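> One structure, as structure tokens, below. Some questions next.
The values are calculated or read from the model by the stated rules, or taken from the named source; none is laboratory data. Everything quoted here is computed from the prediction, not taken from an experiment. With ideal geometry, Cβ positions are generated from the backbone for all residues, glycine too; neighbour counts draw on all protein chains shown. These area figures cover heavy atoms from the full protein model, side chains too; ligands, DNA and RNA do not enter into them. Shrake-Rupley method; radii C 1.70, N 1.55, O 1.52, S 1.80 Å.
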Amino acid sequence: MSDKPTKQILGNYLELDQGEYVQVMYVWIDGTGENLRCKTKTMSFEPKEPNDCPIWNFDGSSTGQASGSNSDVYLHPVAIFRDPFRRGPNKLLLCETYHYDHKPTATNLRKSCKTVMEKAKDEHPWFGIEQEYTLVDESNHPYGWPKGGYPAPQGPYYCGVGTGKVLGRDVVEAHYRACLYAGIKIAGTNAEVMPSQWEYQIGPCEGIEMGDHLWMSRFILHRVAEDFGICITFDPKPVPGDWNGAGAHTNFSTLAMREEGGLSHIYEAIEKLSKVHDLHMKAYDPKDGTDNMRRLTGRHETADIHTFCHGVADRGASVRIPRQCAEDGHGYLEDRRPAANADPYKVTERVVRTVCEIAD
């Protein structure tokens, strides 16, 4: 057995000329609504658009999306990105999933989201999602935490620097650069309040692009962490007790909210959100709100799941208006309720339906 590191050996092969062929990795959401799957197709040219790639299929009985007796599920290409792992002309391809009868699978929430975004396109809905996540080992123990114990209490970790204050920065930096290479609209990153917990921001994105870029950024994060032998969890409350949970805070605005005098439109949007709080809570995690109950307790920078409230610069509110937006008189609102494992297609569709008054 060679004593060379495995990645160094692999590098020797990845440097080989691949000739006229291109590797396209098809990526999709599986039957859990949280996990991603992938497989690769060889193509004889470099695709530039999703429609350049053929519809493909996979064994849905192995992903919780079909029965074994009728297992083929179709992959419809919808968004294409540069591949930061294979590089060169190779691509990552996000796909929607469809049954044999060409109806969307239960976890294909993109199709209905896209329909809603088309109806609201004249209002130019913009989103930015703050994706929190936690680095863990294969037993789901937070990365770098003492075995069988806990680190020092929260306080020095948020946006921290230095040994003992941050854990896993190498994964974060690799993910950030990989997203930039891929063409993901990643806006920034920071260490979070709980040690080994991090956040990155995707956006601003308009309409359906928000879900496309966030899902692919999640795929890239899992793939980067794989290279480091670390796991990623988007669990909304990965550690019980006096530790912060993980959210997917959703920043949202319409054109009217961004223009002069937009603050009044922001408050109108908040009023609409307040009237359907329970409906939104069911949409803001994959388990119809039960996952988020562990996180939204009214503590650790959250509002109680059963109560809707809002405020300027209030991180204990359901919806926060950033201080700068309040001073400028226009801008956006931040919905702090979505869980880290929420489906961005479902979240953004729900927000637009409510604020832009598009009927279910």
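> Does anything in the range 213-241 have its amide N under 20 Å from the 7 Å Cα→Cβ label point of residue 14, and if so which residues?
What the label zone holds, given the 20 Å backbone N cut-off, is 216-232.
> Between residue 290 and residue 259, what is 0.36 nm times their sequence separation minus the Cα-Cα distance? Round to one decimal in nm.
Difference between extended and current length: 7.5 nm.
> Next up: Using alpha-carbon positions, what is the distance between the centroids of the range 323-360 and the range 171-212, in Å?
So the separation of the two Cα centres works out to 18 Å.
> Another question, if that's okay. With the crude spin-label approximation of a point 7 Å out along Cα→Cβ, what separation in nm comes out for residue 173 versus residue 306?
If labels sit at residue 173 and residue 306, their model points lie 4.7 nm apart.
> Among DSSP beta bridges whose residues both lie in the chain, state the antiparallel percentage, nearest 5.
Values: 52 of 60 bridges.
Here the antiparallel bridges make up roughly 85 percent for the chain.
> The range 210-307: D in µm²/s via Stokes-Einstein (Kirkwood Rh, Cα pairs, 20 °C, 1.002 mPa s)?
Using the Kirkwood radius from Cα pairs, D works out to 134 µm²/s.
> Something else now. Count charges around residue 244 for me, please; just the other residues with Cβ under 11 Å from its Cβ, Lys/Arg as +1, Asp/Glu as -1.
Taking every other residue near residue 244 into account, the sum is -1.
> For the chain, with a Gaussian network of springs between Cα atoms less than 10 Å apart, report the residue from 212, 52, 30 with the top mean-square fluctuation.
Ranking 212, 52, 30 by mean-square fluctuation puts 52 first.
> Loop-only check: which trypsin sites (Lys or Arg not before Pro) in the range 75-145 are DSSP coil with at most 16 other Cβ within 10 angstrom? Could the numbers behind the result be given before it?
Working: sites: 82, 86, 87, 91, 110, 111, 114, 119, 121; in loops: 86, 87.
Loop-located and lightly packed - 87.
> Once the Cα gyration tensor of the chain is found, what semi-axes does its equivalent ellipsoid get, as square roots of 5 times the eigenvalues, in whole Å, sorted largest first?
Over the Cα atoms of the chain, the ellipsoid semi-axes are 33, 27, 19 Å.
> Please compute the length gained on full extension between residue 118 and residue 222, using 0.36 nm multiplied by the number of residues separating them and subtracting their Cα-Cα distance.
Here the answer is 34.4 nm.
> Pop out the ³J(HN,Hα) list for the range 335-346 in order, Karplus 6.51 cos²θ - 1.76 cosθ + 1.60 with θ = phi - 60°, rounded to Hz; leave Gly and Pro as x.
Going residue by residue, I get 8, 8, 7, x, 6, 4, 9, 5, 7, x, 5, 5 Hz, with x marking Gly and Pro.
> Put 100, 176 in order of accessible area, largest first, 1.4 Å probe: what do you get?
Of 100, 176, the descending order of accessible area is 100, 176.
> Relative contact order of the range 73-153, please, whole-number percent, based on alpha carbon pairs below 8 angstrom and at least 6 residues apart.
In percent, rounded to a whole number, it is 17.
> While we're here: Please give the per residue volume of the convex hull enclosing the alpha carbon atoms of the range 3-107, rounded to a whole number of Å³.
127
> Still on this structure: Sequence gap at least 6, Cα distance under 8 Å: using those rules, report the relative contact order of the range 1-147 to the nearest whole percent.
Dividing the mean separation by the residue count of the range 1-147 yields 18 percent.
> What percent do you get for the relative contact order of the range 117-356 when only Cα pairs under 8 Å and 6+ apart count?
Relative contact order, the range 117-356: 24 percent.
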